[in-house]
Amino acid sequence: MKVLFIVQGEGRGHMTQALALEKILSNANHLVTAIAVGTSNRRSIPKFVAQNTNANLKTFKSPNFYFDKNSKSVNLWKTVTFNLLSTPLFLRELIRLHKFRKEFKPDLIVNFYDILGGLYFGLFRPTTQRVCIAHQYLALHNSFPFAEGFKTQKWAFRLNNQLTAIGSHKIIALSFRPLKSDSPKLIIAPPLLRKEVFSLTPTNGDYILAYVVNKGYAQEIIEWHKENKKIKIHCFWDNKQLPDEWKPHKNLTFHYINDQKFLHLMAGCAGYASTAGFESICEAMYLNKPVLMVPVKGQYEQACNAQDAKLAGAGLSSTTFNIGLLLKHITKGHSPGPTFSNWLNGHEEKFLRALETTKTETKRLPTWESYKGVPRWSNE
């Protein structure tokens, strides 16, 4: 089976998931012929993606978030406005995705939560099996912990889920914890962790590891560390305006995003502080590292992620990077138990079974009856 991936390029999570799935498919003698990653002027493809794939790596312009002047909070209205103004560009990019399909002739297309991937499925209706994979689709499950108090963001989150999954034959929702699906089209699956994670041997070091998607959050860590300079912190970010391994003061080091270095430091850290993205939290949980989660302001899915991860025993959440909260949590003891590791057992077979049994004749598409609730799936 030949496979084409379409991957949202915001953050690193969807890209590492794609690399993990490529390895699973390759081990089963399937071929990922190409990976098309959505980029923007604000984001580019990390080097580790090209270094860890055997597929043809393609890029296309895709909608992305816009933040406030401090690079911390998502500005919803600015995001909607600027992306709508770019509609002519995105229409051209949909045609490019269609050309990718004709060039690589896949038997299966997997969309890792890119909105243009979903629109391509719905508008072009390619004669190819179509599957969507993301943690966000767990919102289709009746036990998903929606964060309260963000009505507009919640509506936008659900709408985005619908747009990314238009025209799909199957939806795979990645979950922190085992849940039983309540829909024949929805498959609940374990996280897609990179093979390198499974080979790590965790140790309890004398430092905290941090990861910030938006450089604005780095200032919170710097301010906290000014009063706590004895605490060692290694932080990863994507700020090329400053040199790699920049030290604002002793015991605080900022690293460029580096796949192997990040995993090495993750294995040896005492705890992990991060915005509430799905993938790195799962890596920390597998390595039994307590986590402090700080959802990006205005990014509703991260507020939900933090609640869901707490239910799974990952750690605690906060509105700021107060590393002291994590240190207190560590001193109390952190023992989530074997549930998460057990959930990962046999994950490769689960994904292969889900992908190999996808049928193009299954033509269930989401109706657009309401943006308020979980979308209904029909044969109409």
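Observations on the structure shown:
- Computed over the range 183-229, the convex hull of the alpha-carbon atoms projects to a mean area of 6.7 nm².
- Computed extension length for Glu220-Asn322: 35.9 nm, one decimal, from 0.36 nm per residue of separation with the Cα-Cα distance subtracted.
- Reported to the nearest whole Å, the Cα centre-to-centre distance from the range 225-251 to the range 114-128 is 42.
- Positive-pole candidate from Gly333, Gln136, Leu84, dipole of the chain, charges at beta carbon: Leu84
- Working note: 222 nm ellipticity from helices only, DSSP H runs with n ≥ 4, each -39,500 (n - 2.57), summed and divided by the residues of the chain, gives -11000 deg cm²/dmol to the nearest 500.
- Dividing the C-alpha radius of gyration of the chain by 2.2 N^0.38 Å, with N its residue count, gives 0.95.
- In a DSSP loop and with at most 15 other Cβ atoms within 10 Å, the GluC sites (Glu not before Pro) in the range 191-266 are Glu227, Glu245.
- Accessible surface of the chain, 1.4 Å probe, proportion on carbon and sulfur as whole %: 52
- Between Glu148 and Lys99, the FRET efficiency estimated from the beta carbon spacing at R0 = 51 angstrom works out to 0.70.
- Label point distance in nm, Gln241-Lys78, each placed 7 Å from Cα along Cα→Cβ: 1.3
- Cα-based convex hull, the range 182-310, per residue volume (Å³, whole number): 129
- Virtual spin-label span in nm between Leu159 and Thr357, 7 Å along Cα→Cβ: 3.6
- Extent along principal axes [Cα atoms of the range 99-180; Å; largest to smallest]: 45, 29, 14
- For the range 105-243, relative contact order (Cα pairs under 8 Å, six or more residues apart, normalised by length) works out to 20 percent.
- Stokes-Einstein, applied to the Kirkwood radius of the range 1-51 over Cα pairs at a viscosity of 0.692 mPa s and 37 °C, places its translational diffusion at 287 µm² s⁻¹.
- Within-12-Å neighbourhood charge of Val110 [Cβ basis; K, R +1; D, E -1]: 0
- What the Cβ-Cβ distance of Lys195 and Asp107 gives, at R0 = 25 Å and to the nearest 0.05, is a FRET efficiency of 0.55.
- Volume of the convex hull of the range 205-250 (Cα atoms only), normalised per residue: 73 Å³.
- Summed side-chain charge close to His249 - residues other than His249 whose Cβ falls under 13 Å, Lys, Arg +1, Asp, Glu -1: +4
- P(r) tail fraction, the range 112-227 - alpha-carbon pairs more than 19 Å apart, %: 64
- Solvent exposure ordering (accessible area, 1.4 Å, most first) of Met15, Met1: Met1, Met15
- Contact order, relative form, for the range 185-292: 33 percent (alpha carbon pairs under 8 Å, 6 or more residues apart, mean separation divided by residue count).
- Rounded to the nearest 20 debye, dipole of the chain from Cβ charges on Lys, Arg, Asp, Glu: 500
- Per residue, in Å², the accessible surface of the range 199-265 once ligands and nucleic acids are set aside, probe 1.4 Å: 53
- Whole-angstrom gap from the range 132-178 to the range 271-340, using each part's C-alpha centre: 20
The values are calculated or read from the model by the stated rules, or taken from the named source; none is laboratory data. From a predicted model like this one, the values you see are computed outputs, not experimental measurements. Every residue, glycine among them, receives a Cβ derived from its backbone with ideal geometry; neighbour counts consider all protein chains shown. Side chains included, ligands, DNA and RNA excluded: accessible areas come from the protein's heavy atoms. Shrake-Rupley method; radii C 1.70, N 1.55, O 1.52, S 1.80 Å.
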